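The values are calculated or read from the model by the stated rules, or taken from the named source; none is laboratory data. Since this is a predicted model, take the numbers as computed values, not measurements. Backbone-built Cβ (ideal geometry, glycine too); neighbour counts: all protein chains shown. Heavy atoms of the whole protein, side chains included, go into the accessibility calculation; ligands, DNA and RNA do not. Shrake-Rupley method; radii C 1.70, N 1.55, O 1.52, S 1.80 Å.
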Amino acid sequence: MIGRTSAVVLAGLTGHLVDVEAHIGSSLPGFTIVGLPDTSLSEARDRVRAAIASSGLDWPQRRVTVNLSPASLPKSGASTDLAIAIAVLAASSSVDAHQAGRAAHLGELGLDGRVRPVAGVLPAVSAAVARGIDRVAVPAANAEEARLVPGVQVVPVATLAELARAYGAMHAVATSTTPVALPVRPLALVEDVDLSEVQGQEEARWALEVAAAGGHHLLMSGPPGAGKTMLARRLTTILPDLADEDAVTATGIHSLAGTLDPSEGLLRTPPFEAPHHSASAAAIVGGGSGLARPGAISRAHAGVLFLDEAPEFPARVLQTLRQPLEHGEIVLHRAQGATRYPARFQLVLAANPCPCGQYFGTGERCDCSSIARRRYFGRLSGPLLDRVDLQVTVNPVRGASAEPAEASATVAARVASARARAAARLAGTPWRLNSQVSGAWLRRHTHRDAAQLVWQAIEQGVITARGADRAMRVAWTLADLESAAAPTADHVAQAMTLRSRGGAP
Ligand SMILES: [Zn+2]
């Protein structure tokens, strides 16, 4: 007797359909699973056998062999449990083989037969649908998320017994019927914040707007309490909503990371991630045991990654950022193979001006040596800062301003129209934002007269060729914000001031 059904395993965000086949032989009782890595084997066997027994169903008193194919796919976790159990029940004629074979099954089994939620249901269900499967049984706790995928009939399952009854095993009884809820995790909350709450700080607000309009990475340096974090948190409030493709990818990442609130639908607000410098490399970059999980840099995909006190991050973590900054993805190497996750984020770095934080104004309250100050900033390596187009100083505000500050919606409208200008100009190129264009494009399209200041600065050895590219990139964004056709010498001069960290060594 043979029973068949399907499951889905994920490699990064890509779901692969797995054929699950159970065979019941005539030899002595035993239970073998083929196609799972060694460590998962015994655990899956124990869970499946206990869950079937806990559901009042008979375990076949003969040789049971389950094959998961293709065997070459790396599989981890327990999301294939439900499919294995259903295939065994179909092979022993406990459930209807046709119904078992029609749907894909996702879910981990508890020993009591309850179906436990799994990570990554959204990308897994999408993959099943893409392979022509229109019915997917998922853990009850994941049903809302599964329904975000169009064109699929979602079958929520709280217990194995309940599903077995639906497939014709009328005598199946669950020992425990309380559905397993999703683990409560702190979501990457979109706080209700607005730029109007930031008083004063005209220069920093302007830098934030320029960063949003051109997609430029930003470094803010200034003493603690100057408002760097407050500003960074409000960057997503002036960025446009995510377009469909980014929304689907970002939602899939958060599904896998366990940080999705499916009642909100697809993620449309750009995510904001602010890992602490003491967090593990795996938490920031991605990783963990078994198959690598996405980290903060992937959860920030299509949104903002904010590193507060950036020089305090381990050098290894800062170096790892270069790959996603260049390629928009991170490749995590594990014994089972490499896992790729999207990680195209807008980087915002904040730094104190020195280790004690008081090197601003006259600098008299700072007791750091000039070597200590230099070393502190030196931790942000040249190759990393090379990619940060905007570098500004944020100093504490003196006295309250009488003028009410501009609201996010007003700034967001200017950002959107500047982005539209850039996208129209860059149509037919691989780029949509000024931060993405190549040095060659900049040198070809920026008028020589406008860029004169840059060329002089290069000749005088004040800036490098990369520095010149950065200034021209930002100048194009300044032009877009003014609805100008191309940057003028003024724009280039302004762009150069948006990269001088006054006060910092
Ligand atoms: Zn100091």
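A few points about this structure:
- Antiparallel bridges, percent of DSSP beta bridges restricted to region 80-157 (to nearest 5): 20
- Label-point gap, in nm, between ALA484 and ALA71 - each point 7 angstrom along Cα→Cβ: 6.7
- By DSSP, the beta bridges lying fully in region 1-80 are antiparallel in about 75 percent of cases.
- Pairs of Cα atoms nearer than 8 Å and 6+ residues apart set the relative contact order; for region 42-180 it is 27 percent.
- Note, ³J(HN,Hα) from phi for region 433-448, Karplus 6.51, -1.76, 1.60, rounded to Hz, x at Gly and Pro: 10, 4, 5, 8, 5, 7, x, 4, 4, 4, 5, 6, 9, 7, 4, 4
- Label point distance in nm, ILE2-ALA407, each placed 7 Å from Cα along Cα→Cβ: 6.5
- Loop sites in region 323-378: GluC sites (Glu not before Pro), DSSP, at most 13 other Cβ within 10 Å: GLU364
- Efficiency of FRET between GLN456 and ALA335 - r from beta-carbon atoms, R0 41 angstrom, step 0.05: 0.15
- Exposure ranking of ARG49, ARG234 by accessible area [1.4 Å probe, largest first]: ARG49, ARG234
- Among the GluC sites (Glu not before Pro) in region 155-258, those placed in a DSSP loop whose Cβ has at most 16 other Cβ atoms within 10 Å are GLU191.
- Largest-first ordering by accessible area, 1.4 Å probe, given options MET1, MET496, MET220: MET1, MET496, MET220
- The overall shape of region 1-102 is prolate: from the C-alpha gyration tensor, with semi-axes ordered a ≥ b ≥ c, the ratio a/c is 1.5 or greater and a/b exceeds b/c.
- Percent antiparallel among DSSP beta bridges (both partners in the chain, rounded to 5): 50
- Take 96-109, 456-469 and order them by the average number of nearby Cβ atoms within 10 Å per residue, most first; the result is 96-109, 456-469.
- For the chain, the convex hull spanned by the alpha carbon atoms encloses 163 Å³ per residue.
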